Structures are given as structure tokens and as C-alpha cells.
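Participant: My questions all concern the structure below.
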Amino acid sequence: MSTTDLHVHNPVEDLLRQDRIPTIWCPGCGIGTSVNSFAHALLKQNIDLNKTAIVSGIGCSGRVSGYMNLDSFHTTHGRAIPFATGLKLANPELNVIVYSGDGDLAAIGGNHLIHAARRNMDILVVCINNMIYAMTGGQAAATTPSSSVSTTTPYGSYEPELNLVQLVDAAGACFVARWTAYHVMQLERTLEKALKKKGFRFIEVLSPCPTYYQRKNNMGDALQAMLDYKKRSKIQHGCPTWETALTPGGPIIVGEFVDREREDYLTRMRRQLGPHYSEFPPQLEEHVSEGCSKEC
Ligand SMILES: Cc1ncc(C[n+]2csc(CCOP(=O)(O)OP(=O)(O)O)c2C)c(N)n1
Ligand code: SF4
């Protein structure tokens, strides 16, 4: 056997749709790195992949759902969370994961993020924060650090940036964490933990966009981004989220900040409805038990 006959099987290969690869992501982009941690976490936790669905919105990060070999939904911009909510309510047995960008989840879809956290909807949200609207050419987003340069803020942004972990914590999320694309092992472990927890779980992944954010802010290439994350990051588990603001050049506080128990939406609904609770509305129950032969 020659060495060219050797096939090294990557354990996460089966979790990726091989026919969709190579991805659209630029060299040095952090999105793929996070997907690797995510795939490893799914495998390690032995999650039932037949009962797992992934939902993304639009953007470079929104492409993740299309590359995962899971039941996946690539929804409209900003609407990944309401779509995921509907999925969970319609089939409570599903593990529902939202994987999308900061622009998608926290700007156009910002209201959904707040209310899903408030309701403690049982979904895991992985937010890739590259601090910019990357797919459309590097415009400023709600997360763009104040004074940073972008396509739409050539003299630096005048707006204060939104701190996502603080926002979802205040809204009621039961698990909140932040890592960077440099922290692959820590991210994997946090994802494993979050996959097993019930309620609204939010993980922010700071991810380099060498093509727009790095370049426009003279932050160097992807390697430089990793060195920068390494140098600036401070691991502080349990840190109050109001102390985790991200500022240009300032410290990056990472870790698991919130891990609390709170009744999730469906559990509360079932408890309040008591004997009146039914998994399906009565007419649908009839429909299901009769066995539907019609196309509907
Ligand atoms: C309703 C609507 N508005 C605007 C757009 C254009 N659009 C597509 S992707 C995108 C930005 C995505 O940014 P983000 O979610 O941060 O993802 P990234 O590309 O940075 O990974 C925008 C504004 C759209 N597709 N639909
Ligand atoms: S434009 Fe930025 S976020 Fe999009 S794939 Fe390229 S590096 Fe990644």
C-alpha cells in the first residue's frame, strides 16, 4: 500500500456536508474554527443527531447551518431565533441550536434575542461576533466597538457598542459565556456544557474578520488576530457581565459568566396548564391518531 492510499478519517467529517466544501469563508476567518469546536462538542456529548436541528440567519456566519450535516434551516436575516422558537414549540424533543452572526442576532434580530432570553426558551444560541456586517462589505454593526473604522464609519464609529453577554444576562438567559476563536478547547468544553443544559443558553465567540474588520482597523492578518486575542484575553469565570465590555485594544474578558437555574418556557407552560396541557392541539391530535393520508 502506498502512502497515497492512506485515508485519515477526521472525526468531525461526518458532521459536515462534504459536498458543500470548500466553504465560502476567507483564509483566516474564525467561523470555521468555531465550527470545529462545535462539531467536537456534539460528538463528545453523544447528542442524538437525529433529534438535533441547527438554524442560522443570513451572513458569513449564517452559512454554518448549510455546512452541518444536521437538519438545518437557513432562514431570513435576523429571524433565526423566532424560527428556532417555532421549531422547539412544535417539537419539544428537538435539541435546537441557533448559529449566526452578531449583526443577524443582535441588530436586525435584536428584539428576538431579548425576548427568547426573557422567556427562557430552551435553545442554544452561538453568536459569532466579528464586530461587523461582514458578508455585505464591512458596515458598522451594533457591536462595532466605539471609534472603530468600518465601511460606513470611515472616521471611526460614534456609537457606543452593545455588550451582548450583558444584554442576554439582563434579559434572563440561564447560561452565558464568551470565548474567542483562539480558545478552541475552552469553547469546546463550554459548548459541551451548554448542549446539556436546559433553557436559553448564549455563547459569544469573538472571531476575526481579516478581510474587513482587521484590515480597516490596521489590525494585521489572521495570525495577528490570534496573537492579539491571546495577549488581551483574561479568563474570569463568573465575572459580572457589566464588567465585560469590549473596547478597542482593551482587555477581553472571557469565560463562563452565568450558569443559573430558571424554569424554561415549555416547562412553565406545562406546569401552568396542568391537566389542560396537550402536546398537540385537539384537532391535530385527532388528525395524527387517524393517520393522515391526505397531502396537507
Ligand atoms: C432583511 C435584510 N436586510 C439586509 C440584508 C443584507 N445582509 C445580508 S448579510 C448582512 C449582515 C450579516 O452580518 P452578521 O450577522 O454580523 O454576519 P457576518 O456576515 O458578519 O458573519 C446583511 C445586512 C438581508 N439579507 N436581509
Ligand atoms: S468576510 Fe470576514 S467574516 Fe466573512 S468569511 Fe471573510 S473573513 Fe470571515
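Participant: With every protein chain left in place and a probe of 1.4 Å, what is the accessible surface of Glu161, to the nearest 10 Å²?
Facilitator: The accessible area of Glu161 comes to roughly 50 Å².
Participant: Which residue, Gln214, Gln272, Gln186, tops the fluctuation ranking in a GNM of the chain built on C-alpha contacts under 10 Å?
Facilitator: Top of the fluctuation ranking is Gln272.
Participant: Once the Cα atoms of the chain are picked out, what are the Rg and Dmax in Å?
Facilitator: 20.1, 67
Participant: Something else now. Provide the packing ranking of 92-101, 239-248, i.e. peptides ordered by the mean count of other C-beta atoms within 10 Å per residue, highest first. Please list the in-between numbers first.
Facilitator: On the way: 92-101: 24.4, 239-248: 16.3.
Per-residue Cβ counts within 10 Å, averaged per peptide and sorted highest first, yield 92-101, 239-248.
Participant: Going by amide H atoms built from the backbone, whose H comes under 5 Å of the H on Thr180, apart from near neighbours?
Facilitator: Close amide H contacts, sequence-distant or interchain: Leu206.
Participant: I would also like to ask the following. For the chain, modelled as a GNM with alpha-carbon contacts under 10 angstrom, which of Ile58, Ile132, Ile108 fluctuates the most?
Facilitator: Between Ile58, Ile132, Ile108, it is Ile108 that shows the largest mean-square fluctuation.
Participant: Can you work out ³J(HN,Hα) from phi for every residue in the stretch 144-152, in order, using Karplus 6.51 cos²θ - 1.76 cosθ + 1.60 and θ = phi - 60°, giving whole Hz and x for Gly and Pro?
Facilitator: Whole-Hz 3J(HN,Hα) from phi for the stretch 144-152: 5, x, 3, 6, 6, 8, 9, 4, 9.
Participant: Report, in deg cm²/dmol and to the nearest 500, the calculated mean residue ellipticity at 222 nm for the chain, where each DSSP H run with n ≥ 4 adds -39500 (n - 2.57) and the sum is divided by the residue count.
Facilitator: It comes out at -9000 deg cm²/dmol, rounded to the nearest 500.
Participant: Could I ask something else about it? Just to be sure I follow the rule: in the chain, considering lysines 8 or more places apart or on different chains, how many pairs have Cα atoms under 17 Å apart?
Facilitator: Going through the chain pair by pair, I get 10.
Participant: If you don't mind, there's one more thing I want to ask. Quick query: amide H of Ile253 versus all other amide H atoms, modeled in the peptide plane; which residues come in under 5 Å with a sequence gap of 5 or more or a different chain?
Facilitator: Lys234
Participant: Give me a comma-separated list of calculated 3J(HN,Hα) values for the stretch 246-252, in order, Karplus coefficients 6.51, -1.76, 1.60 applied at θ = phi - 60°, integers in Hz, x for any Gly or Pro.
Facilitator: 9, 10, x, x, x, x, 10
Participant: Ignoring ligands and nucleic acids, what accessible area does Ser157 show with a 1.4 Å probe (Å², nearest 10)?
Facilitator: Here the residue's solvent-accessible area equals roughly 10 Å².
Participant: Still on this model: Could you work out what % of the accessible surface of the chain is carbon and sulfur, using a 1.4 angstrom probe and leaving DNA, RNA and ligands out of the count?
Facilitator: 54
Participant: Volume per residue, Å³, of the convex hull around the alpha-carbon atoms of the stretch 4-68?
Facilitator: Values: hull volume 7.4 nm³, N = 65.
It comes to 114 Å³ per residue, whole-number rounded.
Participant: Also, I was wondering about something else. Determine ³J(HN,Hα), in whole Hz, for all residues of the stretch 164-169 in sequence, where each value follows from phi through the Karplus function 6.51 cos²θ - 1.76 cosθ + 1.60 and θ = phi - 60°; x replaces Gly and Pro.
Facilitator: Each residue of the stretch 164-169 in turn: 5, 5, 5, 4, 6, 4 Hz.
Participant: While we're on this one: Skip the ligands, DNA and RNA, and give the accessible area per residue of the stretch 198-270 with a 1.4 Å probe, whole Å².
Facilitator: On the way: 3780 Å² over 73 residues.
Value returned for the stretch 198-270: 52 Å² of accessible area per residue.
Participant: Oh, and also: Students sometimes get this wrong: rank Asp19, Asp48, Asp264 by accessible area, probe 1.4 Å, all chains present, largest first.
Facilitator: Numbers: Asp19 130, Asp48 70, Asp264 10 Å².
From most accessible down to least: Asp19, Asp48, Asp264.
Participant: A further question on this structure: In the Gaussian network model of the chain, springs joining C-alpha atoms below 10 Å, which of Arg178, Arg260, Arg79 carries the largest mean-square fluctuation?
Facilitator: Maximum fluctuation in the GNM of the chain, among the listed residues, is at Arg260.
Participant: Counting other Cβ atoms within 10 Å of each Cβ, which chymotrypsin sites (Phe, Trp or Tyr not before Pro) in the stretch 123-223 have at most 16 and sit in a DSSP loop?
Facilitator: Here the sparse-neighbourhood loop sites are Tyr155, Tyr158.
The values are calculated or read from the model by the stated rules, or taken from the named source; none is laboratory data. This one's a predicted model, so the numbers in the text were calculated from it and none came from an experiment. Note that we place each Cβ from the backbone using ideal geometry, even for glycine, and neighbour counts take in every protein chain shown. Ligands, DNA and RNA are excluded from the accessible area calculation, which covers all protein heavy atoms including side chains. Shrake-Rupley method; radii C 1.70, N 1.55, O 1.52, S 1.80 Å.
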